Amino acid sequence: MSDWSHDGLWAKAVIYAERATNEDRDGPLFPLWATLALEFVARSCLAKIHPALLADPRDGENLLHAFGFNAVGTPRSVPALTVFRRCRQIVSEFTEDDLKKAMALIERRNAELHSGTAAFEGLKTGLWLSDYFRISEILLKAQGKSLADLLGAEEAAGAEKMIVASQEKVIGDVKKAIAEAKKRFEELGQIIQEEKREAAAIQSKTLPSLNAQVVDCPACGSKAVLRGERVAVKDPRLDDRDGTISRQMVILPTSLNCPACSLGLKGHASLHAAGLGGNYTVMEIMNPAEYFGIEQPTEANFEAYVEEWLKEQGAEAEYSND
Amino acid sequence: MAGSIAEVNTSRIALEVFRLGWVETVLPYEIDLLSYAAKFGRPVASRRNGTLIDRLAPKPQEEARRNSMSAQRGLETFLFHSDAAYFRVPPRFVFLRLAEGASSTSDTLLLGTRELAFSERQLADLRRDIWVVRSGHSPFYAPVVGCNGGSNSWFLRYDPCCMTPALPGSNKSEAALQNAFAVAKPEAVAWAPEKVIIIDNWRALHAREAVRAEDRDRRLLERVLVVSNQEGRNE
């Protein structure tokens with residue numbers, strides 16, 4: 001059995017979380033153990049799908065180890081950044097923002113372990129702990145576990161309260177931001193308001209990216225731009241009429257910008273608090289060459305391209321089993 | 001008991017073992033225990049490079065193999081344990097038979113998980129508290145109540161001779177186990193020629209009474225560990 005089995009990694013996450021909770025919350029050892037636990041939560045999340053997701057792809061021996069076979073050398077797994085990036089791909093609720101927050105903690109831990117910096121000294125829990133619990137909860141849910149499984153019932157109850165408090169704070173901040181933007185907009189006067197609304201409507205016709213969508217601004221009601229991160233891609237479909245390939249992409253909203261009242265909201269939690277947190281779908285349309293990554297020869301190298309192609313055909317024609 | 005191994009209805013017996021925690025039966029000595037056990041799944045050696053059939057004789061501490069329960073307990077009572085708790089997933093079945101020519105008045109004690117009264121809270125601790133399991137050169141971490149990913153079935157893993165709480169200060173599962181053992185009423189199974197006990201090693205623990213003086217040179221049990229066909233690789 002591989003050392004990267006879910007059970008082993010999960011057990012280690014629990015021990016490290018337990019070690020963290022046994023430490024003084026304001027001391028440097030609490031975040032050290034907690035961030036070690038976080039990495040194991042992320043690793044066990046990948047191992048739950050298959051330990052092969054942890055194998056360093058630079059050496060095939062690592063893949064053998066992931067499948068439970070004895071490798072010749074010391075098996076190497078992918079680094080923390082790759083682990084969290086893979087979680088980002090696999091766990092739809094684990095956003096780019098969460099990835100950045102998780103990696104900020106991991107990098108601080110690395111600074112603690114690999115440098116002379118006292119990286120966790122004086123780090124207040126108010127700066128990171130609620131995000132830590134929230135991110136952990138997302139990665140735990142993805143592997144069929146809960147905060148209670150990781151921290152024990154009592155600690156988990158406290159952690160849940162902290163997550164709720166943090167969400168309530170986000171709701172409060174978002175309500176305040178919307179109210180302020182609305183007030184600013186209403187102070188502009190009717191004519192300027194109309195001009196800004198029209199400008200916003202024109203701007204919204206040219207979306208800044210494929211992942212964007214036009215919505216009504218929660219503050220002034222003008223056309224605002226919602227942007228997000230791709231969380232899933234549906235199977236592509238070929239359109240027989242024009243030969244294009246289209247595929248639906250599911251987007252998780254992560255930012256809103258209103259050109260009329262200048263309301264700006266960042267992070268999925270903020271958009272959720274503003275009532276704009278639901279996933280939306282956009283359509284990506286590509287030509288087949290683009291979709292399959294086929295290189296189109298330019299006129300200048302067309303002859304060389306044809307020559308190379310003929311040579312390849314000739315090479316294939318050499319095979320004969322008669 | 002069937003007259004030949006071909007007549008053994010393994011499915012029926014296995015279901016009885018799962019239902020009751022263990023089953024006593026009789027297997028004539030002309031039928032090899034290993035061949036019989038192999039009808040229930042894949043026999044596995046209890047130790048790396050070991051044989052598929054163990055012959056268990058009581059040994060005083062000084063004569064026992066270093067990494068064995070006898071090295072710690074000698075001829076005293078063997079505490080309740082799962083066999084091969086040091087496997088990543090312990091084997092599902094344990095087959096024990098009194099060897100031909102042997103005799104024993106020292107009983108084997110059996111305790112099904114149903115006889116262990118745990119509260120919900122204690123069960124949560126048993127699932128969550130992590131223990132260090134000493135397994136040759138590769139010790140690993142595991143809780144007492146584990147889950148086998150392959151069959152998605154839970155199992156009990158406990159052997160105080162190779163398992164210690166990873167964080168003794170905060171481990172609650174050890175106390176939960178000891179409290180449960182203190183009030184449980186195990187069943188004592190007396191040995192007789194050709195008697196076989198088939199234990200569901202995931203749902204029942206077993207122990208040995210202190211070896212009586214007359215059994216020291218006469219008690220000899222054959223043992224085969226069997227991985228159920230659904231469990232896959234686990235050593």
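The values are calculated or read from the model by the stated rules, or taken from the named source; none is laboratory data. Note that the structure is a prediction, hence the values are computed from the model and not measured. Don't worry about glycine lacking a Cβ; one is built from the backbone with ideal geometry, like all the others, and counts go over all protein chains shown. The protein model used for the area step is the full one, side chains on, heavy atoms only, and it has no ligands, DNA or RNA in it. Shrake-Rupley method; radii C 1.70, N 1.55, O 1.52, S 1.80 Å.
How many of the residues making up the stretch B:114-146 are within 13 Å of another protein chain (Cβ to nearest Cβ) and either touching a Gly at 6+ places or on another chain (Cβ under 6 Å) or buried (at least 17 other Cβ atoms within 10 Å of the Cβ) (or both)?
18
Keeping to the stretch A:69-112, report how many residues are over 12 Å from the mean Cα position of the chain (by Cα) and part of a loop (DSSP other than H, G, I, E, B).
10
Step by step: first the residues of the stretch B:41-59, then only those that are surrounded by 13 or more Cβ atoms within 10 Å (Cβ to Cβ) and part of a loop (DSSP other than H, G, I, E, B), then the one that is nearest to the chain's Cα centre (by Cα). Which residue is that?
Selected residue: B:Ser46.
Looking at A:Gly221, A:Gly172 in this structure, which one is at positive phi and either more than 14 Å from chain B (Cβ to nearest Cβ) or basic (Lys, Arg) (or both)?
Checking each option against the conditions leaves just A:Gly221.
Looking at the stretch A:1-68, what helices (runs of 4 or more DSSP H) fall wholly within it and have at least 1 residues that are more than 14 Å from every other protein chain (Cβ to nearest Cβ), under 21 Å from B:Arg128 (Cβ atoms) and under 25 Å from the mean Cα position of the chain (by Cα)?
Helices (runs of 4 or more DSSP H) meeting the threshold: A:29-49.
Output the number of residues of the stretch B:106-118 satisfying the condition of being in contact with an Asp or Glu (Cβ under 8 Å, 6 or more places away or on another chain) and more than 14 Å from B:Ala207 (Cα to Cα).
Count: 0.
Among the residues of the stretch B:147-167, which ones are within 14 Å of chain A (Cβ to nearest Cβ) and within 21 Å of B:Phe18 (Cβ to Cβ)?
Within the stretch B:147-167, B:Cys147, B:Asn148, B:Gly149, B:Gly150, B:Ser151, B:Asn152, B:Ser153, B:Trp154, B:Phe155, B:Arg157 meet the criteria.
Hey, could you check the stretch B:216-232 for residues that are touching a Ser or Thr at 6+ places or on another chain (Cβ under 6 Å) and open to solvent by 40 Å² or more (accessible area, probe 1.4 Å) and say which is farthest from B:Trp154 (Cα to Cα)?
Among those that are touching a Ser or Thr at 6+ places or on another chain (Cβ under 6 Å) and open to solvent by 40 Å² or more (accessible area, probe 1.4 Å), it is B:Arg218.
Confirm whether B:Val211 is of a type in the set (A, V, I, L, M) and assigned to a strand (DSSP E or B).
Spelling it out, it is not the case that B:Val211 is of a type in the set (A, V, I, L, M) and assigned to a strand (DSSP E or B).
List the pairs whose first member sits in the stretch A:27-40 and is at positive phi, whose second member is in a helix (DSSP H, G or I) and not aromatic (Phe, Trp, Tyr), and whose Cβ atoms are under 8 Å apart, counting only residues at least 6 apart or on separate chains?
Final answer for the pair search is none.
Run A:Ala232 past the list (1) more than 17 Å from A:Leu256 (Cβ to Cβ); (2) part of a strand (DSSP E or B); (3) without any contact (Cβ under 8 Å) to a residue 24 or more places away in the chain and report the number of the one that doesn't hold.
The one condition A:Ala232 does not meet is (3).
Determine whether A:Ile15 is in contact with a strand residue (DSSP E or B) (Cβ under 7 Å, 6 or more places away or on another chain), modelled with pLDDT of 90 or more and among the aliphatic types (A, V, I, L, M).
Spelling it out, A:Ile15 is indeed in contact with a strand residue (DSSP E or B) (Cβ under 7 Å, 6 or more places away or on another chain), modelled with pLDDT of 90 or more and among the aliphatic types (A, V, I, L, M).
Mind checking whether some residue in the stretch A:95-113 is of a type in the set (Val, Ile, Thr) and at pLDDT 95 or above?
Within the stretch A:95-113, one or more residues are of a type in the set (Val, Ile, Thr) and at pLDDT 95 or above.
Conditions tested, residue by residue: (1) among the aromatic types (Phe, Trp, Tyr); (2) surrounded by fewer than 17 Cβ atoms within 10 Å (Cβ to Cβ); (3) not in a loop (DSSP other than H, G, I, E, B).
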| position | (1), (2), (3) |
| --- | --- |
| A:Leu139 | no, no, yes |
| A:Gln143 | no, no, no |
| A:Ala156 | no, no, yes |
| A:Met162 | no, no, yes |
| A:Lys169 | no, yes, yes |
| A:Ala177 | no, no, yes |
| A:Phe185 | yes, no, yes |
| A:Gln193 | no, no, yes |
| A:Glu198 | no, yes, yes |
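Can you tell me which residue within the stretch B:168-215, out of those that are of a type in the set (Val, Ile, Thr) and buried (at least 19 other Cβ atoms within 10 Å of the Cβ), is farthest from the other protein chains (Cβ to nearest Cβ)?
B:Val211
Checking the structure you have, find out if any residue of the stretch B:4-14 is β-branched (Val, Ile, Thr), open to solvent by less than 60 Å² (accessible area, probe 1.4 Å) and at pLDDT 95 or above.
Scanning the stretch B:4-14, I find no residue that is β-branched (Val, Ile, Thr), open to solvent by less than 60 Å² (accessible area, probe 1.4 Å) and at pLDDT 95 or above, so the answer is no.
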